[in-house]
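Below is one structure; the comments refer to it alone.
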Amino acid sequence: MRAHNFCAGPCTLPLDVLEEVQAELLDFRGSGMSVIEMSHRSPEYEAVHEEALTLFRENAAVPEDYTILFLQGGATLQFAMVPMNLLVEGSRAAHVRSGTWGAGALKDAAAWGDAYAAWDGEPLSFTRMPSDDELEIQPDTRYLHITSNETIEGIRMASFPDVDLRLVGDMSSDYLSRPVPWERFDLVYGGAQKNLGPAGLAVVVVRTSLLETMGQDLPSYLRLGAHAGKNSLMNTPPMFAIYVTGKVLRWMRDLGGVVGMEERAARRSGAVYEAIDGSDGFYGSPVEPAHRSHMNVVFRTPSEELDAAFLAGAEKEGLLNLKGHRSVGGIRASIYNAMTDDGVDALVGYMTSFRDAR
Ligand SMILES: Cc1ncc(COP(=O)(O)O)c(C=O)c1O
């Protein structure tokens, strides 16, 4: 029996996709070998690669003047590659320091170039995102870096900043679960291992017109333009991750793409927030309601002892990986695109019976 896996990433994948992978593993489309044993220059793999790129573009409605890249190094490598490629001499990067990951992106950007916090949520314990008029933008700022969803603190930007600057977005934990106003962005990136597929792949979407001039002096692997010039096949790509991601993207398309995923996320996270709000204060969430994540629902019981009892009981019910991040504690239910409705129903049912038993 499959567990209900609420892991924050890597995370649950659609069962249909896993079964397809299982069925194809020994003999991929009559090739006599699995997709992870063949050359990345083979026509079979090239078709897989192209299909995944096309499905990403289709699902996320990425305009033709943006390039989609499949890279390695996760979102973390983009913390460095983004400033390396986008920051030119004399320009600086503004960052929204909205949580653990936003802070990490700023730290790495500042290690490379001139980067500063246009807003810092730490004094508020990262319980909300800023409004546009709270952002303090300095002269010569090249872009504003945002983290659309803070995975650890469970907050999200309900809308993207509408400012007089191009945006760069880390969308790792809500990728393809909401539409992106592409015209406001120069670049969007994220690791695949939450909403898209297995770990090992980062998807970067970048305004094509910038590629030719950016990062000219960088070693080739660090230059986004070099990857674009080779259609993300400059070196051996993470073939298995791309292959599975392609299948997840097809699954997503059949469920209505990003629009379908957005509705699904609001409904399912809404059910858990309802269980929190309807618990007469037994469950509590530190997050300001307007900024509650639709992907990572964080909450607590009245005590650490009860949190521990909640988690132990959940495990017995097959509700796994609900422990909050080690830096913040408490409980976190990550409800990414592939989580089943049954999993969410089981969680809500367990929350109710756990509270009623106290
Ligand atoms: C919002 C966000 N950014 C960045 C990262 C780091 O991603 P990776 O492990 O792909 O480097 C994570 C990982 O959980 C994340 O949630």
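The values are calculated or read from the model by the stated rules, or taken from the named source; none is laboratory data. For clarity, every value in this text was computed on a predicted model and none was experimentally measured. Don't worry about glycine lacking a Cβ; one is built from the backbone with ideal geometry, like all the others, and counts go over all protein chains shown.
Here's the yes/no breakdown for (1) crowded, with 17+ Cβ neighbours inside 10 Å; (2) farther than 24 Å from residue 61 by Cα; (3) among the small types (Gly, Ala, Ser):
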{"site": "289", "(1), (2), (3)": "no, yes, no"}
{"site": "292", "(1), (2), (3)": "yes, yes, no"}
{"site": "340", "(1), (2), (3)": "no, yes, no"}
{"site": "345", "(1), (2), (3)": "no, yes, no"}
{"site": "349", "(1), (2), (3)": "no, yes, yes"}
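When 99, 74 are checked against the criterion of being within 16 Å of the ligand (Cβ to nearest atom) and more than 24 Å from residue 159 (Cβ to Cβ), 74 stands alone in meeting it. Quick check: anything in the range 119-141 over 21 Å from residue 172 (Cα atoms), hydrophobic (A, V, I, L, M, F, W, C) and free of Cβ contacts under 8 Å to residues at least 40 places away in the same chain? Yes; the residues of the range 119-141 include at least one that is over 21 Å from residue 172 (Cα atoms), hydrophobic (A, V, I, L, M, F, W, C) and free of Cβ contacts under 8 Å to residues at least 40 places away in the same chain. Residue pairs whose Cβ atoms lie under 7 Å apart, separated by 6 or more positions or on different chains, with the first residue in the range 169-197 and assigned to a helix (DSSP H, G or I) and the second more than 8 Å from the ligand (Cβ to nearest atom) and of a type in the set (A, V, I, L, M), are 182/62; 184/167. Of the set (1) within 21 Å of residue 164 (Cβ to Cβ); (2) away from the ligand (no atom under 16 Å from the Cβ), all apply to residue 85 but (1).
Hey, among 308, 271, which residue is assigned to a helix (DSSP H, G or I), among the aliphatic types (A, V, I, L, M), surrounded by fewer than 19 Cβ atoms within 10 Å (Cβ to Cβ) and in contact with a helix residue (DSSP H, G or I) (Cβ under 8 Å, 6 or more places away or on another chain)? Answer to the selection: 271.
Here residue 252 meets each of (1) buried (at least 21 other Cβ atoms within 10 Å of the Cβ); (2) more than 16 Å from the ligand (Cβ to nearest atom); (3) over 23 Å from residue 293 (Cβ atoms) with one exception, condition (3). Across the range 168-187, the qualifying residues are those that are more than 12 Å from the ligand (Cβ to nearest atom) and closer than 21 Å to residue 106 by Cβ, and the one among them that is surrounded by the fewest Cβ atoms within 10 Å (Cβ to Cβ) is 184.
Only residues in the range 223-252 that are over 16 Å from residue 41 (Cβ atoms) and at pLDDT 95 or above count as the first member; pair them with residues that are in a helix (DSSP H, G or I) and acidic (Asp, Glu), Cβ under 9 angstrom, at least 6 apart or cross-chain, and list the lot. As it stands, the answer is 246/51; 247/16; 247/20; 249/51; 249/58; 250/51; 251/16, since those pairs meet every condition given.
Quick grid of which residues meet (1) out of contact with any Phe, Trp or Tyr (no Cβ under 7 Å at 6 or more places or on another chain); (2) under 28 Å from residue 179 (Cβ atoms); (3) crowded, with 20+ Cβ neighbours inside 10 Å:
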{"site": "282", "(1), (2), (3)": "yes, no, no"}
{"site": "312", "(1), (2), (3)": "yes, no, no"}
{"site": "324", "(1), (2), (3)": "yes, no, yes"}
{"site": "327", "(1), (2), (3)": "yes, no, no"}
{"site": "330", "(1), (2), (3)": "no, no, yes"}
{"site": "333", "(1), (2), (3)": "no, yes, yes"}
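Looking across the range 102-148 at every residue that is away from the ligand (no atom under 12 Å from the Cβ), among the hydroxyl-bearing types (Ser, Thr, Tyr) and closer than 20 Å to residue 166 by Cα, the one that is surrounded by the most Cβ atoms within 10 Å (Cβ to Cβ) is identified as 143. Against the condition touching a strand residue (DSSP E or B) at 6+ places or on another chain (Cβ under 9 Å) and either at pLDDT below 95 or closer than 30 Å to residue 255 by Cα (or both), how does residue 319 come out, does it pass? Yes: the conditions hold for residue 319.
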